[in-house]
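See below for the structure under consideration.
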C-alpha cells in the first residue's frame, strides 16, 4: 500500500497559481532570442578535447588510470576554449562552439577517422567538420592504437558472442565504444556542500593511513577532478568580468557582473541563490559530459532539490516567479548547446542528436507526501519556452497529484512536441520495490534517460541499454532451427540437428523452443555486458561523476568499480509485441484452427509473402488478433513473452556483484529508442504479416498500424503486461492528432485518459500530437518545419533531423484520431 | 421495418475514445438502418438495414479473382478492366472481400449478440469512470433495433455506466418506450423545422420526430439537440429561428450541438455506388459558423460546435 492516509496532496502551489501563463511558446523575448541564436547553429565536430586528453595521456604514462583520467579532465577544463553567449544567464560550454561535439578517443577513435569525410554528408544527424579538424584528429589516431575501450572489448569478446553479433541477434551499442553515462547526481548534496565540501570529504578519507592503494588513487583523482571543476568556474568568472568591463548595455553589464560573482564563489559551499543553484546543477551535468561520453546524464527531481533555493529567494524578495521562469528557460536552452557524435550505425539506433537528459517534476516524495510545488509548474512552462529536445521532461503523477499538474502537463503535451512524458507512481514504485529497494528509496525514483528509472544520487551507471537483443531475430532463428538465413550461422538448434529443417507438433513445442533460444542468447548478452563492463571499469574511471553519487566517497571506488549505493542494469529488448503477434498467428492458424501447416507458413515467410498463395496466408495472418486491441487471446501471448525474459533474470548478476552496491542484478526494459527501425531491417518476414526489413514494434507499443481500436484499447492491452516487474522502464508512445485535445472539454477528456492509464497500472505514457499530413509535409519540405518536434521513442527530436526511414515509421504509427 | 431478432444487432462498428457524442470518453456504437435519406448524410453506409459492400476502385488491380468467386453474378469487368458491382445482385456475402489481394472490398455491417457487444463495451469501463463518460448508441437509427439496444443498455446500467441514445426520432413512440428507462441522455436530431422542406431534404416529414421530441422532453430525460446545418440548404435565418422556437419548447434540453456540414463522407458514396446529391457544395467558413452559433446562442441554451 503506497497511499498514506494523511493528507497527501501538495500544499505548495498557491503562489504559482496566481501567475498567469498561456501555453504557446510566446513572450519572454530574451529567452526567444537566445533560443533562436542556438537554433541557427549547425552541429560540428570539435577537436579540442581530443587533443587535450591526448596531450595529457602522453605525459601520464604509467600512472593509475583513474589518475590519468582526472589529470586529463584538468588539462581539458583548464585549456579548452570558453565563451559566454549573448543574453544567456547560465554559462559553461562543452566544445569550441555551441552544438559542437567533442571527441573521446580513449573510448574509440577508429570509426571517427573512418567517418571523417562522411559526417557532413549523413542522411540525418549531420555534423560540419573542417579540413583542419580532420587533420588534427588523424594526427592523434596512432597514439591511441591498442589503448581504447573498444579495442579492449573486442580483444576479450568470445567467438560465440561475435557470431551472435553477425547473426544480428546481439547489438553492442554505446557500451562497446563509449562511456556509460546514465547518472543522476546527488544534487541535494552538491547544492549543500559544493564541490569543495565533497573534496574535503575525499581528503579526510585520504588522510586515513589504512586505506588501500586503489582507494588512495581514487581519492586523489577526486581531489584533482573537483579542483579542476572549481577552477573551470573561475575561468568563467574572469571572462564575465572582462566582458562586463567592455559591455555598454547597462542591464547586461549588471548581469555579467552577477554571473562573475556567482562563478567566483560557486562550489565553495552551499549555493546562495536559485540562479546559483541552476548554475551548479548545470556544471555537474556539463563536466560529466566532458569527463566521459555516455549519454542519459539526467537531472532527476529538479522541483525537489532546487526548491529550497527558489523558496528562500522568493521569501527574501530577491526573485519573482517571472524571473524564476526566465532563468529556468535559460537553463533548459543551455542544455541544448551540448552534443554527442556517434558512429553512423549507432546513430540509426537513436536518431535526432539525442542526449536523453531527463528532468522530472511532480510525484510522491520519499515521505509519501506529494512533492508538486511551484517549480514543477515553472519547469513545465520553461519547457514551453524552450521547445528543444533537452531536457527530456517528464512528469510523475499519482493519486495525490493535484489535478492542475496533469492539466498543465496536458497543456504542454497539446503544444505538440511530445513532452512531458508521464510516469505513474503507483506502477513505478512497486516496480522499483520488486528489485528489493526500500519503499522510501523507491518513492524517490526519477527517470534516467527515456523511460528507465533509477534512484537519484544513489544509483550506479546505466539503468538500461547494455547489450541490445533483437527478439525478432531470435524468433526468426526459432523458425529456422537456429540457422540465420543471411549469414548461415547456426549456434543452437531446436531439434539437435544441423540445418534449418524443423517441425513443430504443437504450440507448446514452439514456445519451448522460444524459451530455449531466449536463454541461450540472453546468456551471451550478459556475457557481452560483463566484457564491456570490465573494460569500462578502467576506461570509465570517472572520479568526478562518481564523487556525486552516494557511497563512492565512503567506499573509495568509482561507480564502475562498485561505488554506487544501488546498482541494477538492464539490456534493451526489441520486439516484444511483434513476437506475441507472431506467436498468435502460429498458435491460431497452424495449431488451433489448423488452417495452414507450419511448413506452408515458413515458405510464405521465405518468399517474403510473395505469390498468390502466400498472399492468402498473409491475409489470414493479418486477420489474427493483434496486440493493442484489448484482445486477450494475443495480449496474453505478448505478456508471456515478457514473462519468459523476466523469469530468466534472477540468474544473472552484473559485474559489481559482491563489491558493495545493493542489488547488482538485472531488470527488464523496453526503452529501446529508435532501434526498432534498424533492428527490423535485419529480420526477415515474420508470421504476424510483417514484411522483411520493416520495423519491429517500438518499446512496448503495438506493432506499426496494428492498433486499430483506438487509444483506450492500446492502454488496456498494455495493462495486461507485467508492468510492475518492469523496473527498467516500459515505453508506451501514442500519437494523437491535434484535434483530439482541442478546447478545454477535450483536454479534460485527455486528462481522464491519462488518469485511467494510472488506474490500469500502466507504467509510462507519452504522446505525439501532430497529424500525419503535417509530418508528410515536413518530410517533403523540412525547411518549413524546423520547429516540429516529435517523440521518437523515449525522447524527442526535431523531426527534420531524423533519417527518412524513422520519419516514415513515425508517420505510419496509427493516428489515434477521435471523432 | 424489417423483422429482426432483438438478441442480435446489426452494427457497423464501435468507435472507442469517442469524444463528441456525449460527456466524457465514450464508446459509440453505430447501428445500421435508417428511415431518413438526408441529402448531406455523411454515413451513407449506415442507411440500409443490411450489410453493404464498399468497393474502392483505386485499390483494384483488375486481377478478376473476385469475379471468379462471386456466386451472385454481381461482379464483372466493364468494357475496359474496371470492376463493376451490380448492387441489385450483390448479397454482401463477403466472398470477394476474402479473396481480394489488395483489400479493395470492405463489408459494412456485422451481426453481434447482446452478450458480445456488452462485453466489448464494458472493456473501457475505467475510461468511463475517470472521465464521466459512457456508451452512445448511434447510427443509422439505433431505435430500428430498439429491443437489442434495450438489452445492451440494461446490461450497462447494471454496471453503472452512463448511456446515451443518438436518434433522429423518426420511429414510432413505442420504440422509445422500449429503451428510455435505461437511457441517461438523448442526443436528438432536429434537422429541419419546416415540414415540407424536411420532406424534401430527408424523404420524410417531421411530424413524428417533433411529437417524439416533446414526449422525451416531457418524460424529463436530459436532451442534447443536434442541429445539423448545411450551407444554403437548411441554414436560412428563418429556418434557424423556427428550429430554435421548436427547441425552446423542449424543457429537458440542456445543450445544443451545432453540427456544421462536412464532406468527410463523400468518398463513401462512390464506394457504395451511390450518387452524392450535394456534389459542389463547399464547407462553411469559420466566420459563418460563428455567426450561426451566436444567433443560436441568443436563445439562451448552451451551444457547442461539433457536439
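Readers should treat all values here as calculations from the given coordinates under stated rules, not as data from a laboratory. Fair warning: this is a prediction, and the values are worked out from it, not measured in the lab. Counting neighbours? That spans all protein chains shown, and the Cβs are built from the backbone with ideal geometry, glycine included.
What nm distance separates the two modelled labels at residue A:83 and residue A:143, each placed 7 Å from Cα along Cα→Cβ?
Calculated label separation equals 2.4 nm.
Using Cα pairs under 8 angstrom and six or more residues apart, how large is the relative contact order of the range A:194-273, in percent?
Here the relative contact order equals 39 percent.
Kindly express, to the nearest 10 degrees and within the range 0 to 90, the angle between helix A:274-291's C-alpha long axis and the longest C-alpha principal axis of chain A.
Between the helix axis and the principal axis of chain A, the angle is about 60 degrees.
For the protein assembly as shown, what class follows from the C-alpha gyration tensor (a ≥ b ≥ c being the square roots of its eigenvalues): rounded when a/c is under 1.5, otherwise prolate if a/b is larger than b/c, else oblate?
Since a/c reaches 1.5 and a/b is larger than b/c, the shape of the protein assembly as shown is classed as prolate.
How many partner chain Cβ atoms sit within 10 Å of a residue's Cβ in peptide A:746-759, on average, as a whole number?
5
Ignoring everything except DSSP H segments at least 4 long, calculate the 222 nm mean residue ellipticity for chain A; use -39,500 (n - 2.57) per segment, divide by total residues, nearest 500.
Rounded to the nearest 500, the figure is -14500 deg cm²/dmol.
Going by average Cβ neighbours within 10 Å, how do the peptides A:399-405, A:448-454, A:752-758 rank, with the highest at the top?
A:448-454, A:752-758, A:399-405
Can you give the mean number of other chain Cβ atoms that lie within 10 Å of the Cβ atoms in peptide B:130-142?
The mean count of partner-chain Cβ atoms within 10 Å per residue comes to 2.
Under 17 Å from a label point 7 Å along Cα→Cβ of residue B:122: give me every residue in the range B:9-53 with its amide N that close.
Answer for this model: B:27.
Grab the Cα-Cα distance for residue A:59 and residue A:257, subtract it from 0.36 nm times how many residues apart they are, and report the gain in nm with one decimal.
Stretched fully, the residue A:59-residue A:257 segment lengthens by 67.5 nm.
Shape of the range A:44-146 from its Cα gyration tensor (a ≥ b ≥ c, root eigenvalues): rounded if a/c is under 1.5, otherwise prolate when a/b > b/c, or oblate?
The shape class here is oblate.
Place a point 7 Å from the Cα of residue B:264 along the Cα-to-Cβ direction; which residues of the range A:742-757 have their backbone N under 16 Å from it?
Only A:742-743, A:746 fall inside the zone, counting backbone N under 16 Å.
Rank-order A:108-119, A:690-701 by packing density, defined as the average count of other C-beta atoms within 10 Å over each peptide's residues, highest first.
Going by the mean number of other Cβ atoms within 10 Å, highest first, we get A:690-701, A:108-119.
What average count of beta carbons from other chains do you get within 10 Å of the Cβ of residues in B:19-32?
3
What FRET efficiency do you get for residue B:173 and residue B:251 if R0 is 22 Å and r is their Cβ-Cβ distance, rounded to the nearest 0.05?
0.75
How do the peptides A:678-687, A:769-778 rank, highest first, by the average count of neighbouring beta carbon atoms within 10 Å per residue?
The packing order, highest mean first, is A:678-687, A:769-778.
Relative to the longest principal axis of chain A, what angle (0 to 90°, nearest 10) does the C-alpha long axis of helix A:403-414 take?
Tilt relative to chain A: about 80 degrees.
At what distance in angstrom do the alpha carbon centres of the range A:452-513 and the range A:69-128 lie from each other?
A separation of 37 Å, based on Cα centres.
Could you check the simple spin-label distance between residue A:489 and residue A:250, using points 7 Å along Cα→Cβ, in nm with one decimal?
Spacing of the two 7 Å Cα→Cβ label points: 7.1 nm.
Of the beta bridges DSSP finds with both residues in chain A, what % are antiparallel, to the nearest 5?
Expressed as a percentage, antiparallel bridges in chain A total about 30.
With a ≥ b ≥ c taken as the square roots of the eigenvalues of the C-alpha gyration tensor of the range B:52-107, please select rounded if a/c is under 1.5 and otherwise prolate if a/b is larger than b/c or oblate if it is not?
Rounded is the answer for the range B:52-107, as its axis ratio a/c remains below 1.5.
Against the longest alpha carbon principal axis of chain B, how many degrees, from 0 to 90 and to the nearest 10, is the axis of helix B:237-248 turned?
It works out to around 70 degrees.
Between residue A:366 and residue B:79, what is the FRET efficiency for a Förster distance of 60 Å, r being their Cβ-Cβ separation, to the nearest 0.05?
0.15
Per-residue ellipticity at 222 nm for chain B, helices alone: DSSP H runs ≥ 4 residues times -39500 (n - 2.57), over residue total, nearest 500 deg cm²/dmol?
The per-residue figure over chain B is -9000 deg cm²/dmol.
How far apart, in nm, are two points set 7 Å out from the Cα along the Cα-to-Cβ line at residue B:218 and at residue A:497?
Going by the 7 Å Cα→Cβ label model, 8.2 nm.
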